[in-house]
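In what follows, a structure is listed as structure tokens, so that the remarks can point back to it.
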Amino acid sequence: MNLLEKLKLPPSTDISKKENPSKQSTLYDIAVNNLNGKPIQLADFKRKYILFVNVASECGFTPQYRELQKLSDLYREELVVIGVPCNQFGNQEPGAASQIQTFCERNFGVTFLLTEKLAVKGSKQHPLYTWLTKKELNGAKNSSVKWNFQKYLVDDKGRLVDYFYSITKPMSSKITKHLK
């Protein structure tokens, strides 16, 4: 008796092709909103690199906003910078959306895209960060978000390139070498 007979499945049933509906198939399928609650279509950024950075207004790394804006301006044809406000590390992003927007614009001239405040770790981790941190989804590597201003670089085909801890500055050659 073969396996299909044991399972009492018709021979045409291929259980290996059944998909887990809870998993996103690509980065571009993930739903995320901007700081004002409007949907961001990640698929709009196909053919560009995307740098996701979990950001916070009251962190020692907050001055990196300035370099993130410089990176965004300098590589606007090749790269989209997306800041992801997060309050999971030392409660360093306590503000509401309007406060975050005002802070970033006034203090650092931020014009790059900001998402709504998200959980980047733990039981309420947003699907974007589940994809970024799980090799089974991103196809490249596992990681965990250690602190504010950790960066994840995705290539122009929606594949995770690498991640960089907070100490890696946005204009570091570790990041920019992929954009040339």
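The values are calculated or read from the model by the stated rules, or taken from the named source; none is laboratory data. Computed from a predicted model, the values in this text were never measured in an experiment. When we count neighbours, we look across all protein chains shown, and the Cβ atoms used for this are built from the backbone with ideal geometry, even at glycine.
What the table shows:
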| item | result |
| --- | --- |
| Residues satisfying the stated conditions in segment 122-142, i.e. in a loop (DSSP other than H, G, I, E, B) and either touching a helix residue (DSSP H, G or I) at 6+ places or on another chain (Cβ under 7 Å) or acidic (Asp, Glu) (or both) | Lys141, Asn142 |
| Candidate set from segment 161-176 (those that are touching a residue at least 40 places away in the same chain (Cβ under 8 Å) and outside any loop (DSSP other than H, G, I, E, B)); member that is farthest from the chain's Cα centre (by Cα) | Thr176 |
| Among (1) in a loop (DSSP other than H, G, I, E, B); (2) within 28 Å of Lys180 (Cβ to Cβ); (3) polar (S, T, N, Q) - the single one Ser72 does not satisfy | (1) |
| Candidates Val110, Val120 - the one that is crowded, with 16+ Cβ neighbours inside 10 Å, without any contact (Cβ under 8 Å) to a residue 60 or more places away in the chain, under 19 Å from Lys151 (Cβ atoms) and among the β-branched types (Val, Ile, Thr) | Val110 |
| The one condition in (1) more than 17 Å from the chain's Cα centre (by Cα); (2) at pLDDT 95 or above that Ser22 fails to fulfil | (2) |
| Segment 81-103 - residue that is hydrophobic (A, V, I, L, M, F, W, C) and touching a Leu at 6+ places or on another chain (Cβ under 7 Å) and, of those, farthest from Pro127 (Cα to Cα) | Ile100 |
| Residue list for segment 96-120, restricted to those being part of a loop (DSSP other than H, G, I, E, B) and either in contact with a strand residue (DSSP E or B) (Cβ under 9 Å, 6 or more places away or on another chain) or among the aromatic types (Phe, Trp, Tyr) (or both) | Val110, Phe112, Glu116, Lys117, Leu118, Val120 |
| Among residues of segment 143-156, those that are of a type in the set (D, E, K, R) and outside any loop (DSSP other than H, G, I, E, B), counted | 1 |
| Unique match (being of a type in the set (Asp, Glu), part of a loop (DSSP other than H, G, I, E, B) and surrounded by 15 or more Cβ atoms within 10 Å (Cβ to Cβ)) among Glu93, Glu77 | Glu93 |
